[in-house]
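Following: one structure in structure tokens, then a few remarks.
The values are calculated or read from the model by the stated rules, or taken from the named source; none is laboratory data. As the structure is a computational prediction, the values presented were derived from the model and not from experiment. Positions of Cβ are backbone-derived with ideal geometry, glycine not excepted, and every protein chain shown enters the neighbour counts. Just the protein is used for accessible areas: all its heavy atoms, side chains included, with ligands, DNA and RNA removed. Shrake-Rupley method; radii C 1.70, N 1.55, O 1.52, S 1.80 Å.
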Amino acid sequence: MELKKLVKINDYEWEIPRQGEMRVPGKIFASRELLEEMDEKVYEQVTNVACLPGIVRASMAMPDAHWGYGFPIGGVAAFDPEEGGIISVGGVGYDISCGVRTLRTGLKREEVLPVLEPLVDELFRTVPSGVGSEGEIRLTPEKLDQVLVGGARWAVEKGYGEPEDLEYIEEKGCMPGADPSCVSLEAKRRQHRQVGTLGSGNHYLEIQYVAEVYDRQAAEAFGLEEDDIVITIHCGSRALGHQIATDYLPLLAKAARKYGIPIREKELVCAPIHSPEGERYFRAMLCGVNCALANRQVITYLVREVVTDFFKHARVTLLYDVSHNTCKVEEHEVDGRKRRLFVHRKGATRAWGPGRPELPPRYREVGQPVIIGGSMGTASYILVGTREGEAKAFGSACHGAGRSMSRHQALKRFRGERVIEDLRRRGIVVRAKSKRGAAEEAPEAYKDVTRVIEATCRAGLTRKVVKLLPLGCIKG
């Protein structure tokens, strides 16, 4: 990206000045080095989003931003429905509520290392993964409707978890307002055996250990210390979310024309929040969120079964579950007054600071856990949200390392077998359904997550709490 087009606010905050059709400025949180590595499409997409009706404060991009569908991946934008604000499929993404949850196990690294390989093998056998993977739960469209309304609460009620889990999931495991009648039968048909499955692409299940603690107070609140074993699950709403996006793109394209919304890029089709089309998409999107929460909850149940079979004394508890492809209704202070906004986070994580009443009491004094996955074989981090981040970016942060090359480029450059073998030599056990998938997700296909984390924290959006290093990984 050409830096001459940006105004430097500080070393980690850059502005695209308001010009032309832009209703607000653009803002990119990144170091100079990360900015120089970003493709020009990020600049273009941040600018285009800044032209949408009802946008508040700025169109934003996180340090891991790269080209996406409509919005950049790593894009954040908030819209006020009382000022003609819109809702956009491109601002949520295809994998609705793709997100990350981390589980504490009560185990230490030295306990797990002697049985690491068989443990990874058993998790690989137990948790369905890969393209088109199906689980043992079979749901008719009518029963699937219960999932779309109930989310993780449905899963817990059906025995796939503990009531305490719900306290540590955004929205306590269920987004109210979901309406299954807004979801097509095709979307439901595609999902009927995918609840409790990991999927493919960049989704994973990883056994990790706490390698370093940076913030003792927050780490203590999160129940973490050095050498603790945690398990992190990264997946989303599977086929249902993808089909919802596919179904609503043409409907919102018609709505944009109907309401005279100027669209600078066809991928930014949208509808006013207060319109039949906008409200219908929002209710369908909430179904996708609930589906993803139920999905991760069932996988948690499967992980608990495996871990407690290996270690009878293990106590697998949920640290937190946070999504990074959503549109959520939130209250934020803007220009001295509190406003009810529809905050789009596309490849960006909610990162609330301390004091928010929505947070579990255990975390309320320190802030929200922000779980950031690295690329396969590299470090992951748990951060904590800040009040400064709420003021700057509606309480948002990066969601991962961010790709530095496309999957097509990665396939041309890497061989899956070699990637897996290289990781094995580093002591990381990988099981993958597809060698192609392993090649696409080679560590070198991503930015350096440590630099992304540094920029996120230096910008004031979060603070570092702990660094996690991988021991074993399951890939689709």
- Take the Cβ-Cβ distance between K8 and E162 as r, set R0 to 41 Å, and report the resulting FRET efficiency rounded to the nearest 0.05. 0.25
- Roughly how big is segment 344-476's charge dipole about its Cα centre, with Cβ charges of +1 (Lys, Arg) and -1 (Asp, Glu), in debye to the nearest 20? 360 debye
- Length gain on complete extension for the stretch E82 to E454, per 0.36 nm per residue less the alpha carbon to alpha carbon distance? 130.3 nm
- Could you state the angle between the C-alpha long axis of helix 40-49 and the longest principal axis of the C-alpha atoms of the chain, as a value from 0 to 90 degrees rounded to the nearest 10? 60 degrees
- Note on the structure: The extension gain from L116 to S434, computed as 0.36 nm times the residue separation minus the Cα-Cα distance, is 112.4 nm
- About its Cα centre, how strong a charge dipole does segment 389-429 have in debye, to the nearest 20, once Lys and Arg get +1 and Asp and Glu get -1 at the Cβ? 260 debye
- Message: For the ranges 443-455, 378-390, what's the packing order if you count other beta-carbon atoms within 10 Å of each residue, average per peptide, and put the highest first?
- Response: 378-390, 443-455
- Measuring with a 1.4 Å probe in the full set of protein chains, what accessible area per residue, in whole Å², belongs to segment 2-122? 34 Å²
- If r is the Cβ-Cβ distance from K258 to E444 and R0 is 35 Å, what FRET efficiency results, to the nearest 0.05? 0.15
- Which order do peptides 458-469, 35-46 fall in by mean Cβ count within 10 Å, highest first? 458-469, 35-46
- Query: For the chain, what % of the accessible area comes from carbon and sulfur atoms, probe 1.4 Å?
  - Reply: 48 percent
- Residues with amide H under 5 Å from that of L468, placed H, sequence gap 5 or more: A211, S380, Y381, I382
- Item | FRET efficiency estimate (nearest 0.05) - Cβ-Cβ, R426 to W67, R0 30 angstrom | 0.50
- Unit charges at the beta carbon, dipole of the chain: most positive-side option, C398, M175, L148: L148
- Within the chain: Cβ-based charge dipole about Cα centre, in debye rounded to nearest 20 (Lys, Arg +1; Asp, Glu -1): 900 debye
- Item | In range of the label at R23: residues from segment 244-264 whose backbone nitrogen is under 15 Å from the point 7 Å along Cα→Cβ | 256-257, 259-264
- Taking Cα atoms, how many degrees apart are the long axis of helix 416-425 and the longest axis of the chain, rounded to 10 and kept between 0 and 90? 60 degrees
- Given the peptides 69-75, 280-286, 429-435, arrange them by the average over their residues of other C-beta atoms within 10 Å, most packed first. 69-75, 280-286, 429-435
- Note on the structure: So, with points 7 Å from each Cα along the Cβ direction, the E226-D179 label distance in nm works out to 5.5 nm
- Accessible surface, 1.4 Å probe, highest first, among residues H313, H234: H313, H234
